[in-house]
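Participant: Quick one: structure below, then a few questions.
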Amino acid sequence: MPTKAQQFVESWDGAPNLERHQLTLNFISPGIRYELGLFKNVSVSTSFTPGLASYEEGYSFGIAWHTRVRYYHNFKTRYDYSKKVVGNSANYIAPARTVFWEPLQFNNNLDGDKGFSLAFYGLMYGIQRSNDKGFNSNIELGIGYYDGIGVASGYGPLINFTFGWVATNRKSKKVIKVN
């Protein structure tokens with residue numbers, strides 16, 4: 001178990017900050033995610049990764065475009081308990097938008113036009129973990145509204161899971177405190 005001395009600290013109160021730039025390449029399926037740290041515990045992310053849409057009208061599974069505004073709610077708590085925070089390892093809540101396009105879907109049972117699109121708008125809860133070597137896992141579960149073009153609209157859950165490698169440099173492990 002790492003000690004606090006191994007964690008990167010940037011802020012005046014001794015709490016860690018998010019990674020400023022994080023590019024993740026996915027292993028499970030072709031995919032990529034970019035996350036930009038805006039504030040101490042708020043980031044924006046965009047990715048092309050697999051997603052599962054399941055709502056009143058049916059389901060669709062395939063590559064989707066995800067955008068999130070992530071609020072990491074337990075970043076400081078993990079740090080205080082000497083848990084790793086490297087690579088934005090924490091839990092988050094995020095307003096979300098995900099778009100599914102029919103040509104990029106592996107499987108679906110939706111009745112609609114060829115070339116449909118389906119946009120999800122809702123709230124997600126996610127858990128992201130990275131290790132010192134850069135391996136990253138992220139799982140999200142959310143509920144929201146599916147706006148269909150060429151297919152029916154409706155309400156339902158969204159599930160997203162990725163496993164990959166963070167290609168950008170991770171923070172130094174030395175403690176840097178500003179007095």
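Participant: Pairs please, first residue from segment 90-116 and closer than 12 Å to residue 70 by Cα and among the polar types (S, T, N, Q), second anywhere and modelled with pLDDT of 85 or more and assigned to a strand (DSSP E or B), Cβ atoms under 8 Å, 6+ apart in sequence or on different chains.
Facilitator: 91/72; 91/125; 91/126; 91/127; 91/128
Participant: Which count do you get for residues in segment 83-140 that are in contact with a helix residue (DSSP H, G or I) (Cβ under 7 Å, 6 or more places away or on another chain) and not small (Gly, Ala, Ser)?
Facilitator: So the count comes out to 1.
Participant: Every residue in segment 21-32 that is assigned to a strand (DSSP E or B) and surrounded by fewer than 18 Cβ atoms within 10 Å (Cβ to Cβ), please.
Facilitator: Scanning segment 21-32 gives 21, 23, 25, 32.
Participant: Could you list, in sequence order, all residues of segment 33-57 that are closer than 13 Å to residue 19 by Cβ and assigned to a loop (DSSP other than H, G, I, E, B)?
Facilitator: Passing the criteria: 38, 39, 40, 41.
Participant: I would also like to ask the following. Among the residues of segment 92-116 satisfying the criterion of being among the polar types (S, T, N, Q) and surrounded by 17 or more Cβ atoms within 10 Å (Cβ to Cβ), which is farthest from the chain's Cα centre (by Cα)?
Facilitator: 108
Participant: Restricting to segment 31-56, count the residues that are at pLDDT below 90 and charged (D, E, K, R).
Facilitator: 2
Every residue, every condition in (1) over 18 Å from residue 29 (Cα atoms); (2) among the β-branched types (Val, Ile, Thr); (3) surrounded by 14 or more Cβ atoms within 10 Å (Cβ to Cβ); (4) touching a residue at least 60 places away in the same chain (Cβ under 8 Å), yes or no:
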site: 120; (1), (2), (3), (4): yes, no, yes, yes
site: 123; (1), (2), (3), (4): yes, no, no, no
site: 146; (1), (2), (3), (4): yes, no, yes, yes
site: 155; (1), (2), (3), (4): yes, no, no, yes
site: 165; (1), (2), (3), (4): no, no, yes, yes
site: 168; (1), (2), (3), (4): yes, yes, yes, yes
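The values are calculated or read from the model by the stated rules, or taken from the named source; none is laboratory data. No experiment lies behind these values; they were computed from the predicted model shown. Note that each Cβ is placed from the backbone with ideal geometry, even for glycine, and that neighbours are counted across all protein chains shown.
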